């Protein structure tokens, strides 16, 4: 599995900080819903496409992300044209296209670590209130990345073992051992983390628990 | 130093949340399977969402789904078909991903306060299936369909009909999830949280 959708590069969009890119994306999300004019939304979609191409994404990644998107948009366009009229259909199509192409450009041009850091700063007030714990969130994120290949291998092993015994692919018979196996490994992993004293006692540099 | 933080989640809970998120991601990676009743192949990712709430409980199940949503947001291809990125949340189907969080919470609450008190194998399996239908389908669609309506500009009625295409597959998944959770709880009981 490719670990990230990020595309290496040094284009203008790559150089912008994640906060600016997200700010622009957020603002255009609001702006695009404020207008119903095809003459504004059409060019906006073209700008989105231009920005997406400006990060020079590889064709395979582009195709993979766009196929599902275009099918969904085609269905919505057809439904809107049928029930609400052709004008509304174009408004909806261009608006979504502009927004989603822009979002894809941000995704392709921003490292996951930079985005994570941006969200960490965004949720810093929550962390100060004690609602969220950044150290535990980043522990969670890195554990998922570490264990997806592991869980996937477990899945393939179980499926092969069952196929060898003549069992057809049966979701219930497959998923029960997968979950039991994964839950059992949780204890050992938690012990290993605790033995290394993670997360550190002063994640935010503040006073520790009372 | 204690391993529990402000919200009362220890290292073991964080690990379980992350491992279940990994299961949800993995179930989106594997090729879609055909389940007897429905002729079209369906992905197992939403099965993982139902299982998270029913197996881990409301808090940890919801956090598992929130973790998957966070990974999606930062641009990792964790959704079925390798989709990911902030665009998912701006698009017509983004509501389903957000709905998973609340759906797992509701499934978990139903399991914790109702299903676990039922006696008898049949009653428990029926309870798990009901919890998965209420949390994994009703609640998820309660957020997914208005989202589709807002993002697509369709009328609410049309968005409702359009959003229902996945219901038959989801009902089958709820039944599978009920059987799976019952099997898991018999093989390896863990407290729900």
>> As an exercise: evaluate residue B:119 against (1) in contact with a strand residue (DSSP E or B) (Cβ under 8 Å, 6 or more places away or on another chain); (2) without any contact (Cβ under 8 Å) to a residue 60 or more places away in the chain and give the number of the one condition it does not meet.
In response: (1)
> Looking at the range B:1-115, what helices (runs of 4 or more DSSP H) fall wholly within it and have at least 1 residues that are farther than 27 Å from residue B:153 by Cβ and at pLDDT 90 or above?
Replying inline: B:11-29, B:45-56, B:58-73, B:94-113
> For the range B:148-171, does any single residue satisfy the condition of being farther than 25 Å from residue A:185 by Cβ, modelled with pLDDT of 90 or more and in a helix (DSSP H, G or I)?
Replying inline: yes
>> If residue A:204 meets every condition in (1) part of a loop (DSSP other than H, G, I, E, B); (2) more than 8 Å from chain B (Cβ to nearest Cβ); (3) at pLDDT 80 or above apart from one, which number is that one?
In response: (3)
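Residue-wise test of (1) free of Cβ contacts under 8 Å to residues at least 60 places away in the same chain; (2) more than 14 Å from chain A (Cβ to nearest Cβ).
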{"residue": "B:51", "(1), (2)": "no, no"}
{"residue": "B:59", "(1), (2)": "no, no"}
{"residue": "B:65", "(1), (2)": "yes, no"}
{"residue": "B:89", "(1), (2)": "yes, no"}
{"residue": "B:96", "(1), (2)": "yes, no"}
{"residue": "B:111", "(1), (2)": "no, yes"}
{"residue": "B:134", "(1), (2)": "yes, yes"}
> Do we find that residue B:142 is over 30 Å from residue A:64 (Cβ atoms) and either modelled with pLDDT under 95 or touching a strand residue (DSSP E or B) at 6+ places or on another chain (Cβ under 9 Å) (or both) in this structure?
Replying inline: yes
> residue B:165 passes all but one of (1) within 13 Å of chain A (Cβ to nearest Cβ); (2) farther than 16 Å from residue B:47 by Cα; (3) within 14 Å of the chain's Cα centre (by Cα); which number fails?
Replying inline: (3)
>> All but one of (1) closer than 21 Å to residue B:18 by Cα; (2) surrounded by 18 or more Cβ atoms within 10 Å (Cβ to Cβ); (3) facing chain B (nearest Cβ under 7 Å) hold for residue A:171; state the number of the condition that does not hold.
In response: (1)
> How about the range A:94-124: which of its residues are free of Cβ contacts under 8 Å to residues at least 24 places away in the same chain and more than 30 Å from residue A:137 (Cβ to Cβ)?
Replying inline: A:96
> Which residue out of A:66, A:51, A:115 is facing chain B (nearest Cβ under 9 Å), out of contact with any strand residue (DSSP E or B) (no Cβ under 6 Å at 6 or more places or on another chain) and either surrounded by 14 or more Cβ atoms within 10 Å (Cβ to Cβ) or not in a helix (DSSP H, G or I) (or both)?
Replying inline: A:115
> Based on what the data block shows, is residue A:165 at pLDDT 85 or above, on the phi < 0 side of the Ramachandran plot and loosely packed, with under 12 Cβ neighbours inside 10 Å?
Replying inline: yes
> Among the residues of the range A:130-156, how many are part of a helix (DSSP H, G or I), under 14 Å from residue B:70 (Cα atoms) and more than 7 Å from chain B (Cβ to nearest Cβ)?
Replying inline: 5
> Within the range A:102-112, how many residues are part of a helix (DSSP H, G or I), more than 7 Å from chain B (Cβ to nearest Cβ) and surrounded by fewer than 24 Cβ atoms within 10 Å (Cβ to Cβ)?
Replying inline: 0
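Go through the range A:20-37 and report how many residues are more than 17 Å from residue B:90 (Cβ to Cβ) and within 13 Å of chain B (Cβ to nearest Cβ).
The first filter runs over the range A:20-37 and keeps only residues more than 17 Å from residue B:90 (Cβ to Cβ), leaving A:20, A:36-37.
With the extra rule that they be within 13 Å of chain B (Cβ to nearest Cβ), the set shrinks to A:36.
Qualifying residue count, the range A:20-37: 1.
The values are calculated or read from the model by the stated rules, or taken from the named source; none is laboratory data. Small disclaimer: the values here were computed from a predicted structure and weren't measured. Here the Cβ is made from the backbone with ideal geometry for all residues, glycine too, and neighbour counts use every protein chain on show.
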